[in-house]
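Heads up, the thing below is written out as structure tokens.
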Amino acid sequence: MKRANVTVALTLIGLAVFVLLEAGKLSFGSMRVPQTAFFPVVLATLLLVFSLILLGQALRGAETGRGPERIEAEGWARIGATLATMVGFALVLERLGFLLSTFLLMALLLRAIESQAWPKVATVALVTSLVAYAIFGWLLGIPLPAGILGF
Amino acid sequence: MALTPTNLLFCFIGSVVGTLVGVLPGLGPVGAVAFLLSLTFKMEPATAIIMLAGIYYGAMYGGSTTSILVNIPGETASVVTCLDGYRMARQGRAGAALGISAFGSFIAGTFGVIGLMFLAPPLGRAALRFGPPEYFALTLTGLTLVAYLTQGSLTKALIMTILGLLAGVVGMDPISGEERFAYGSLTLRDGFGLVPVAMGLFGITEILENLVVISTQSVYETKIKGLLPNRQDWRDSAWPIARGSVLGFFLGILPGPGPVISSFVSYAMEKRLSRYPEKFGTGVIEGVAGPESANNSATAGSFIPLLSLGIPTSAIMALFMGALMIHGIQPGPLFIVKYPDLFWGFIASMYIGNVMLLVLNLPLIGLWVRLLKTPYVILFPLILLFCLIGVYSLNSNVGEIVIMLAFGIFGFFLRRAGFEGAPFILAMVLGPIMETSLRQSLLISRGSFGIFVTRPICAVLIALTASFLCWPLLRRKKSGRG
């Protein structure tokens, strides 16, 4: 937990500094007439203060809660595969269209979480994408991208 | 007006979806409301709010089912129910536990709605005397209290609050309209959308956490016979239900996750008041009746600040505020005056919703139990798919999917490091209100901060806030010396 806290604290300090620098480009105004940069600067300053407090607590070894449980390599693999698949979905959605993208998404997600036979995966993915299209595209009338399949 | 077929239908849909969400692990009411928000665009505002409220209520009802049957709380406000509820199930008394939970929730929920009906309008009138300094103080108090009540370190909760406020800064300055931190991106120019962020922090993060260790849940195989509690059960539960209703309602009004807190406080209260406190944890019905009632009346109470003052006091209220604003309705003290139909229709639907849920929950328990056995392998991808489509359906903007995923990852790592998401999202929604009232106050006072202490209501709120911030420090000093 201590290492996690130190890392987070340092990252936040970096963020606070970044915000201060960026906000410096906007007009601050004055106390009488606070302008655009006023609030961000106040917030970034507070963030800096609290991040330093956090850093101090972490370095001193103060108990700030239980550490996170260890994640096995398997767990990271599942999380990584799931995220990668979803990012991939976002990237191809408008190119390949809803049906195809959803099919690929479901197929890959089903495999990412647990290894299963391809026929089962393919069937579930196909059924899901068709049903999803029916519900969201047709029943609820949400505009879904057509992509290369043309519908 | 709440009795139109459309509204009744959506009240029903909301209640069912809510119960479903409450029963299934991995997607809490916040995530579900966020997702369904996007689908309510085409609806009338009244219908949308009625449905979303149904979800909130339904989730409270549904969460208790899994707590009792599987010892896994469907959502945080039902954690306490696991203690005695599951024990009762193991003793073959699942039916009584589920029954008293449903009835207690109904009674408390109805009480809460009545309270809402009587308290909100006068409070709204009183709030008309609030000016920018009072609003600034209110947001400050609300955020501080929520941070204070969040699990874990106060420092971390405050940091999440500040990060949320900063997230709210991205986009257009609410007073001057200037672009801030948008870097030319059209998506960012509108700021981080509430729905992508809420779904990321509460939907995606949850699922990712569940992926860490896939555990097989064993649903306690029990024939649930006799869903009705017997007379002794009723006698034992009467006072806990009454106390829970009142306690929950008032705790719900205060800023913070009302239902969660009230369930814990009710359990502690019942244990303290009981003639046999040592039996708590072994399957005592008071330990189910009290907390379950409290969390339901708290849901009604938590609407009061939003409907009468226009200030959301928890993550889910922030979403309701978002829902109203999407339909072009500005919540505030004049809300009840300007939209009486909406307000009263909403109240009526909460009554109806409570009845529907009572009727639904008991017979449908078998269905929920069967659903709990759905393999997580299929469940998780489905939930993720709903999240992705939901976000895309808002503005057909792939960028918002990216924002949702980014916040999902962000939430995942922060949660592991002990940072919670509720203060963040509340801060993000309150940020613009806070900034606007702060700047307006300073304009009025010509730069003097004195305005915050010379106006009475404001001064009281500021004093409250200061005491919450200083309390932990004082406590530590005392124990340090001792």
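Every number here is computed from the coordinates shown, using simple stated rules; none is lab data. Bear in mind that the values here come from a model prediction, so they are computed numbers and not experimental data. Cβ coordinates were reconstructed from backbone atoms using ideal geometry, including for glycine residues, and neighbour counts include every protein chain displayed.
Phi-derived couplings, Karplus 6.51 cos²θ - 1.76 cosθ + 1.60 at θ = phi - 60°, listed residue by residue for segment B:88-93: 4, 4, 4, 8, x, 10 Hz, with x used for Gly and Pro.
At an R0 of 45 angstrom, the distance between the Cβ atoms of B:Val460 and A:Ala81 translates into a FRET efficiency of 0.25. What FRET efficiency, computed as 1/(1 + (r/R0)^6) with R0 = 51 Å and r the Cβ-Cβ distance, is obtained for B:Lys279 and B:Ala126, rounded to the nearest 0.05? That pair, B:Lys279 with B:Ala126, gives E of 0.70.
With contacts taken as Cα pairs under 8 Å at a separation of at least 6 residues, segment B:271-353 carries a relative contact order of 20 percent.
When the Cα atoms of segment A:2-60 are aligned to their principal axes, the ranges along those axes come out at 42, 18, 9 Å in descending order.
Counting 0.36 nm for each residue step from A:Ala146 to A:Thr45 and taking away their Cα separation leaves a gain of 31.6 nm.
Amide H contacts under 5 Å for A:Gly29: A:Gln35, restricted to partners 5 or more places along the chain or on a different chain, H placed in the peptide plane at 1.01 Å from N. Compactness of segment B:43-172 was expressed as the Cα radius of gyration divided by 2.2 N^0.38 Å, which yields 1.41. Here each label is just a point 7 Å from Cα along the line to Cβ, and for B:Val337 and A:Gln116 those points are 5.7 nm apart. Both radii are taken from the alpha-carbon atoms of the protein assembly as shown; with Rh as the Kirkwood radius, Rg/Rh is 0.96. Evaluating 6.51 cos²θ - 1.76 cosθ + 1.60 at θ = phi - 60° for every residue in segment A:123-137, the Karplus couplings come out as 5, 4, 4, 5, 4, 4, 5, 5, 5, 4, 4, 4, 5, 7, x Hz, glycine and proline recorded as x.
Would you please classify the overall shape of chain A from the alpha carbon gyration tensor, given that a ≥ b ≥ c denote the square roots of the eigenvalues, rounded means a/c under 1.5, and beyond that prolate means a/b larger than b/c while oblate covers the rest? Taking the square roots of the gyration eigenvalues as a ≥ b ≥ c, chain A is oblate.
In summary, chain B shows an alpha-carbon radius of gyration equal to 0.96 times the 2.2 N^0.38 Å reference for compact globular proteins.
Relative contact order of chain A, taken over Cα pairs closer than 8 Å and 6 or more residues apart, is 21 percent. Remark: relative contact order (segment A:2-60) = 48 percent; criterion is Cα-Cα distance under 8 angstrom and separation of 6 or more residues. Placing a pseudo-label 7 Å from each Cα along the Cα-to-Cβ vector at B:Val246 and B:Ser185 gives an inter-label distance of 5.2 nm. When both segment B:37-73 and segment B:320-360 are represented by their alpha-carbon centers, they are found 14 Å apart. Fully extending the segment from B:Ile13 to B:Gln232, taken as 0.36 nm per residue of separation minus the present Cα-Cα distance, adds 75.4 nm.
Inter-chain neighbour count for A:83-96: the average number of beta-carbon atoms from partner chains within 10 Å of each residue's beta-carbon is 4. For chain B, the 222 nm mean residue ellipticity estimated from helices alone, with every DSSP H stretch of n ≥ 4 adding -39500 (n - 2.57) and the total spread over all residues, rounds to -23500 deg cm²/dmol. For segment B:330-446, taking Cα atoms only, Rg and Dmax work out to 21.1, 65 Å respectively.
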